[in-house]
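Report on one structure; see the data block that follows.
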Amino acid sequence: MCPPAKSPTVGVAADTPQQHDAAAALAARWSLPLSDALPFTLAVTAARVELRDNADHRAKPVYVDFSSVNTRPGPGASRRQPIARAVGLRRDAVPPRVLDMTAGFGADAWLLAALGCHVTMIERHAVVAALLADGLSRAGTVDPDTAARLTLEHRDACRLEVDHWRGRVDVAYLDPMFPPRGKAALEKRPMRVLRQIVGADDDAAALLELARRIALKRIVVKRPRHAAPLAPDPVAMHEGKAMRYDVYRPASPA
């Protein structure tokens with residue numbers, strides 16, 4: 001059973017009076033309060049939507065910027081990098097259809113789309129989904145081909161209907177949130193903020209079991225390099241410098 005999403009700690013506000021209508025529309029779209037008095041503010045600015053920590057006004061805001069994802073020729077565009085090998089990308093094959101069941105800030109989904117995959121991003125937290133939607137809309141003007149291969153759905157991945165999705169997804173991709181190991185201060189700020197708002201994915205094991213019933217070819221779980229596997233039976237592991245991609249087989253049809 002998947003736990004419900006956390007109660008809102010984030011309000012929506014306009015950066016200037018000129019953005020008030022846009023802020024009101026954003027709050028209504030994502031069912032968030034129109035307020036700047038909560039711990040975090042989803043601020044609508046002239047350039048983007050950004051998340052601000054109201055307890056630390058010196059901290060830089062968090063926002064989705066797909067232009068920062070390395071997709072340039074070389075390591076960023078290589079099908080030999082661990083994530084590409086894990087999802088089964090091959091030079092002479094049609095790129096797989098990927099269901100990213102824990103989209104987060106979307107960097108992995110964008111990279112896979114840049115490599116040719118059609119990726120559906122599932123994000124259950126409204127604030128993260130709002131940041132993703134804004135980043136995707138801005139990216140469409142910079143790299144429309146990659147953006148066109150991405151679809152965002154705001155829903156709880158644990159409640160996906162197997163009969164609807166099976167047959168539409170080659171690879172299910174999971175990057176569950178786990179409690180940090182070691183000093184949390186060493187984490188990048190966007191990840192620390194994400195933990196504060198979303199918390200840990202306590203239902204990651206259940207999500208993996210659902211993914212095994214949906215994906216046709218494989219399930220890929222992203223893990224810290226030295227962490228234990230989410231389940232004990234990966235059929236392959238692809239290691240990077242800091243991360244590891246564990247590959248699981250789909251469940252046998254009933």
Against the conditions (1) modelled with pLDDT of 90 or more; (2) surrounded by 13 or more Cβ atoms within 10 Å (Cβ to Cβ); (3) basic (K, R), where does R155 fall short? Just the number, please. (2)
Of the conditions (1) modelled with pLDDT of 90 or more; (2) loosely packed, with under 12 Cβ neighbours inside 10 Å; (3) not acidic (D, E), P179 clears all except one; give me its number. (1)
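Just checking, how many residues over the stretch 150-170 are over 15 Å from the mean Cα position of the chain (by Cα) and touching a residue at least 24 places away in the same chain (Cβ under 8 Å)? Walk me through it before giving the result.
As a first pass, look at the stretch 150-170 and keep what is over 15 Å from the mean Cα position of the chain (by Cα): 159-170.
This time we only want the ones that are touching a residue at least 24 places away in the same chain (Cβ under 8 Å), so: 159-160, 162, 165-170.
Residues in the stretch 150-170 being over 15 Å from the mean Cα position of the chain (by Cα) and touching a residue at least 24 places away in the same chain (Cβ under 8 Å): 9 in total.
So that you can scan it fast, the table gives a plain yes or no per residue for (1) part of a helix (DSSP H, G or I); (2) buried (at least 23 other Cβ atoms within 10 Å of the Cβ); (3) touching a strand residue (DSSP E or B) at 6+ places or on another chain (Cβ under 8 Å):
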| site | (1), (2), (3) |
| --- | --- |
| R80 | no, no, no |
| R85 | yes, no, yes |
| L89 | no, no, no |
| D92 | no, no, no |
| L99 | no, yes, yes |
Read through the list (1) touching a strand residue (DSSP E or B) at 6+ places or on another chain (Cβ under 9 Å); (2) open to solvent by 30 Å² or more (accessible area, probe 1.4 Å); (3) modelled with pLDDT under 90, then give the number of the only condition that V235 fails. (3)
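Give the number of residues within the stretch 240-249 that are surrounded by 13 or more Cβ atoms within 10 Å (Cβ to Cβ) and modelled with pLDDT under 95. Break it down into steps so the answer makes sense when it comes.
If we filter the stretch 240-249 for residues that are surrounded by 13 or more Cβ atoms within 10 Å (Cβ to Cβ), which is where we start, we get 240, 243-249.
Still in the running and modelled with pLDDT under 95: 240, 243.
So the answer is 2.
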Name the residue that is nearest to W165 (Cα to Cα), counting only residues in the stretch 232-250 that are of a type in the set (A, V, I, L, M) and without any contact (Cβ under 8 Å) to a residue 40 or more places away in the chain. V235
Matching residues, the stretch 59-78, being part of a loop (DSSP other than H, G, I, E, B), open to solvent by 10 Å² or more (accessible area, probe 1.4 Å) and aliphatic (A, V, I, L, M): A59, V69
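The values are calculated or read from the model by the stated rules, or taken from the named source; none is laboratory data. Bear in mind the structure is a predicted one, so any value in this text is a computation, not a measurement. A quick note on method: Cβ atoms are made from the backbone with ideal geometry, for glycine too, and the neighbour counts reach across all protein chains shown. Side chains included, ligands, DNA and RNA excluded: accessible areas come from the protein's heavy atoms. Shrake-Rupley method; radii C 1.70, N 1.55, O 1.52, S 1.80 Å.
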